[in-house]
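A quick write-up on the structure given underneath.
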Amino acid sequence: MKKAAFLDRDGVINIDHAYVYRPEEFEFVDGVFEAAKALVNAGYELVVVTNQSGIGRGYYSEADFAHCCEWMKARFAEAGAPISAIYFCPHHPEKALDAYRCVCDCRKPEPGMILRAQKEHGYDLASSLMVGDKLSDMKAAANAGIGTRIHVGKDGREIPALEAPATHVALNLREAVSTFLKDA
């Protein structure tokens, strides 16, 4: 079976400036392409799983988000690290327009996006990994049965291990991948 590197978007791939949907506002985290290429070279398919409540709140449309995703995928492909799929959740249980206001199984910490990717692509989740910057990323990965869960960012160093079901912590994707692949 195939294995995936599930990556959160905001805070892992790009600096989280809140509700980024325009390519000109998109600022990649330093080292993201090198880390992504190392994962691809190690046999992982890259899959982005991202909560996008900005859609549900009416800040931007699904078409705006799709345009930004296509632009982002092109940058990854140019770097030799193609993204296999992007899954997003536009919902929010309270702070959303009527069409998007709901409790769903795709908004992290629920595992719906990951399980959908597994069903559509045949990923072995136990052999896969998740890199995220929020506790909800780690919980979604744990809820889906992902074997390696890497929490990145300054908050990752501050969350006690018992609170976050992470198997590793790192400052950013580059550090996470370097440490993980060295230990693998």
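Over all other residues within a Cβ to Cβ distance under 9 Å of Val20, the charged ones net out to -2, with Lys and Arg as +1 and Asp and Glu as -1. Taking the Cα centre of the stretch 68-180 as reference, the dipole from Cβ charges on Lys and Arg (+1) and Asp and Glu (-1) amounts to some 60 debye.
Restricting attention to the chain, the count of lysine pairs at 8 or more positions apart or across chains with alpha carbons under 14 Å apart stands at 6.
Note that the stretch 116-133 has calculated 3J(HN,Hα) couplings of 5, 4, 4, 5, 6, 10, x, 6, 8, 5, 5, 9, 8, 9, 10, 10, x, 10 Hz, one per residue in order, obtained from phi through the Karplus relation 6.51 cos²θ - 1.76 cosθ + 1.60 (θ = phi - 60°); glycine and proline are x.
Ordering Tyr123, Tyr87, Cys102 by the projection of their Cα atoms onto the charge dipole of the chain, which places +1 on the Cβ of Lys and Arg and -1 on the Cβ of Asp and Glu, puts Tyr123 at the extreme positive end. Only protein heavy atoms count here; under a 1.4 Å probe, Glu45 has an accessible surface of about 50 Å². Take every DSSP beta bridge whose two residues both sit in the chain; close to 5 percent of them are antiparallel.
Annotation for the stretch 80-154 versus the stretch 21-59: alpha-carbon center distance of 13 Å. Helices in the chain, meaning DSSP H runs of at least 4 residues, each add -39500 (n - 2.57). Divided by all residues, the mean residue ellipticity at 222 nm is -10000 deg cm²/dmol.
Each residue of the stretch 146-153 was assigned a 3J(HN,Hα) from its phi angle through the Karplus expression (A = 6.51, B = -1.76, C = 1.60, θ = phi - 60°), giving 6, x, 10, 10, 10, 9, 10, x Hz with x at Gly and Pro. When only the Cβ of Lys, Arg, Asp and Glu is charged (+1, +1, -1, -1), the dipole of the stretch 1-109 relative to its Cα centre reaches about 360 debye. Would you tally the net charge around Asp124, using a Cβ to Cβ cut-off of less than 13 Å, leaving Asp124 out, and scoring K and R as +1, D and E as -1? That sum, taken over residues with Cβ under 13 Å, equals +2. Note on His67: accessible area approximately 110 square angstrom, rounded to 10, probe 1.4 Å, nucleic acids and ligands left out. Computed with a 1.4 Å probe over protein heavy atoms only, the accessible area of Glu70 comes to about 110 Å².
The values are calculated or read from the model by the stated rules, or taken from the named source; none is laboratory data. Here the structure is a predicted model, which is why all the values come from computation and not from measurement. Here the Cβ is made from the backbone with ideal geometry for all residues, glycine too, and neighbour counts use every protein chain on show. Areas reflect the complete protein model, heavy atoms only, side chains present, ligands, DNA and RNA absent. Shrake-Rupley method; radii C 1.70, N 1.55, O 1.52, S 1.80 Å.
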